[in-house]
Amino acid sequence: MKVSSLSRAHRSPALIFTAHVALLMVALPGLGRLETSADTRVFFGDNAYHQDLKTFEKRFNQSNSILLLLRWPGHNITSSPAFADTLRAVTDEAWTLPYVLRVDSLANYPHVSSTDDAFSLEPLLDVLCPDECLEERADLLDDPMLVARLVSADGTTLGVHLVFDLPFASPTAVQQITDSVRQLARRLEAEHAGLQARYVGAVTMMAAFNEAAERDTGTLVPLVLGVMLLMLIITLGEARLALLLVGAGLYAGLCCMGLAGWLGVQLNAATSIVPVVIITLVVASGLHLMSSFLRQFQERNAGARDAAAMALELNVRPILLTSGTTMIGFLSMNFADSPPLRELGNLVTAGLLVGTSVLLLPMPLILGRFRRLRLLNTTRWIDSLLRGVVADRRGLRWGAVLLVIVSLSGLQRIEINDDFVRYFDESFEFRRAAEFAQKHMSGPNGLDLSVGAAEPGGIYDPDYLVLVRDLGIWLRQEPLVANVVSLADIVWKIADQFGAADVALLGRDEIAQYVLTYELSLTAGQELEDFLDKARATTRVSILLSGGDSKSVIALEQRIYAWFEAHAPPAFELTVTGINVPVAHMSLLNIRSMLVGILLSLVLIAAIVGGYFRSFRVLLITAPAIFLPIAMGFGLWGWFVVNIGLAASVIAAVTIGIVVDDAIHIIYRYQHTRRTLGVAPREAARVTVLTVGNAVLITSLALALGFAFLALSGFEINRSLGLCTMLIVLCGLIVDLVLLPPVMTWLDGDVVGDS
């Protein structure tokens, strides 16, 4: 949009306001259509790990499970009939839960026995506790397929493993399942004094993500915006201007989210922060317009209409330039592997487009109607601080250089890692239940292996079963592994009951007969379809982990592949999957893909700015002016925190917009002062800091303080986003006000350019 076009547009104020009101009226009903999705799988993207999971779940059942844990102090399943009866009742009732596909517990776990060639299966709990519990049969619980999965090693904690057929298209299914399990657990605790009922698993983790998004959107986001508004009022000095600025951001955010509702976009933990990002960027861009308006109105004694016109003339080009380059930064998120991150980038781009139109069209018309300004005295300390920056050049400059060196050295300390349990603090039920499970049974994480034989029916090959059994034995020796379940363990039990000492010596037909006999004896809901494919060419090995973050899960995955490659014949195949595998790789995949997009956007932004100023050296200093604060912020994060995960993908894109905005305004104002006013280089740098520096300082302080309050979030991604963004914004402030002006002075001839 050209400046002349804007001037003509302002001659039709009724049309401008009508168009924006109409846009809001169209968008607002869309807010009612917005839905929140709890499905964490939307983050996985179309990568090999997600494809492996989908292929696995087509072959077997879904990996969407909940482990309901029952612990009754003073009761042990080997000696408490009351505990046994409670487990039986819970197992029966679990089948009534919505979407339940399978229920496993000691109350229905098949115990294999045979007498005089008669083969039988009966629930293990009925053998252990027929009427009274038989402590002499406690050895039944030593089965490695049971320990840390359905019973703790000491017999004091019992597990009911629930598998759900989750309809991912339903936005309410996850919450419906979680609520029903929660009600069951609370009723059990109410009916049985002292009984502790906890539940954890993939489904409850999805619900926790949903809860985090709703909690922060409903409470913390308004707090952050309130803090930003208060800081703007204090630093800008005029409450009405601060309200106008935040109002412009709110308008852009409402329009964007309303249009998202019409388009059927579902909110999740990533896209729920879109309104905050839009408001932040609109405020950052609009502050320069407000600051110029104040200066023209107050210092030059211009009327409100003239002050607004002059402020627009001074800022329209840099606002258009910064908005365009910021949009490029967010559009770079389309390189992300995770679809919600791509949606985040596109939604913010749309919101920023609306916000820019508000700043350049109706905002000057509104400012032109001001009759007088009621300024607070708090603005004086901003001017004093800026004069101090200009006066103490050498000391601040060397201090800034030292900070750059120290912070950049912290980049080598950063580790990309996620701990999915610790994504949530202790205020989340999921976190408390996960720690309870890790203490008394096993953690919420697990892996699934798909072990392929050489041909259909190949799972009955003795060599294949020996390999699977050996794999299970090796896995149980891994420190991270709490429990392993495989078909091989079942076959060995059956063979042992029939007196076959070594399965390796049996024939295929005999093994197939054993498995068929076992299947026919199972009760409803205990079928082996969870562990065998239809062609009998592949079996499933399920692993429960005692804990572990993304690095340890990936390391275990790699060790499993290495073991299999070393021990398995070439004809056999292995896929390590389960919901925790794509989750473990999620951060690394997104950071790698985002790096490509961010680097391309930096190159494009630098080229646009250099082309606009017609200066190759401006092109060379633009990229460092943008990249350096981001690198410094992450470096400081490396010194103080070390680990960073999925939040890193969002932080870089969000902060590019803020850093680009301030850097371009400083470069533009310096060039304008040198070329139009003919001021000497050092004086031009001083004037730039004292004029544009006001808006840069106000923006940085307001946004840094606002984002700092995100540290109050109980959700790790938002907490990291807030703290790391705060560091980057403050580093950008130092680079823009202390380092950029002397660099421009040094490169003065090329900064001015020929335009």
Residue (of H567, A309, G611) at the positive-pole extreme of the chain, dipole from beta-carbon charges:
A309
For region 54-138, which GluC sites (Glu not before Pro) pass both filters: DSSP loop (anything but H, G, I, E, B) and at most 11 other C-beta atoms within 10 Å?
E132
So for region 658-755, taking the charge dipole from beta-carbon charges (+1 Lys/Arg, -1 Asp/Glu), which of I698, T745, F709 sits furthest toward the positive end?
I698
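Quick one: what do you get for region 105-167 if you divide its Cα Rg by 2.2 N^0.38 Å?
Cα Rg divided by the expected 2.2 N^0.38 Å: 1.26.
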Neighbour cut-off at most 12 other Cβ (10 Å), DSSP loop, GluC sites (Glu not before Pro), region 394-442:
E426
Residues with amide H under 5 Å from that of L545, placed H, sequence gap 5 or more:
G443, N445, G446, L447, A482
Here the relative contact order (percent) of the chain, from C-alpha pairs under 8 Å and at least 6 apart, is 18 percent
FRET efficiency (E122, E35; Cβ distance; R0 51 Å; to 0.05) is 0.65
I need the phi-derived Karplus couplings for region 596-603: 6.51 cos²θ - 1.76 cosθ + 1.60, θ = phi - 60°, integer Hz, Gly and Pro marked x.
4, x, 5, 5, 5, 5, 4, 4
Here the tail fraction of P(r) beyond 33 Å, over all Cα-Cα pairs of the chain, rounds in percent to 57 percent
Mind giving me the nanometre distance, one decimal, between the label points for M25 and E683, set 7 Å out from Cα along Cα→Cβ?
5.4 nm
In degrees between 0 and 90, to the nearest 10, how far off the longest principal axis of the chain does helix 304-331 point, with axes built from Cα atoms?
30 degrees
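Determine, for S180, S37, the number of other Cβ atoms within 10 Å of each Cβ, and report the residues in order from fewest to most.
Sorted ascending by nearby Cβ count, the order is S180, S37.
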Projected area averaged over all directions for the convex hull of the alpha carbon atoms of region 429-577, nm², comes out at 10.1 nm²
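Rounded to the nearest 500 deg cm²/dmol, what is the calculated helix-only ellipticity per residue at 222 nm for the chain, with -39500 (n - 2.57) per DSSP H run of length n ≥ 4?
Using -39500 (n - 2.57) per qualifying helix, the result is -20500 deg cm²/dmol.
Given charges of +1 on the Cβ of Lys and Arg and -1 on the Cβ of Asp and Glu, with all other atoms neutral, how large is the dipole of region 429-577 about its Cα centre, in debye to the nearest 20?
Roughly 520 debye for region 429-577.
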Measuring from the lowest to the highest alpha carbon on each principal axis, how far does region 65-200 reach, largest first, in angstroms?
53, 37, 23
Per-residue Cβ contact counts at 10 Å, fewest first, order F436, F616, F209 as F616, F436, F209
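So how strong a dipole does the chain carry about its Cα centre when Lys and Arg Cβ are +1 and Asp and Glu Cβ are -1, to the nearest 20 debye?
6420 debye
Laboratory data are not the source of any read-out in this text; all were calculated from the coordinates shown. Quick caveat: nothing in here was measured; it's all calculated off a predicted structure. Cβ coordinates were reconstructed from backbone atoms using ideal geometry, including for glycine residues, and neighbour counts include every protein chain displayed.
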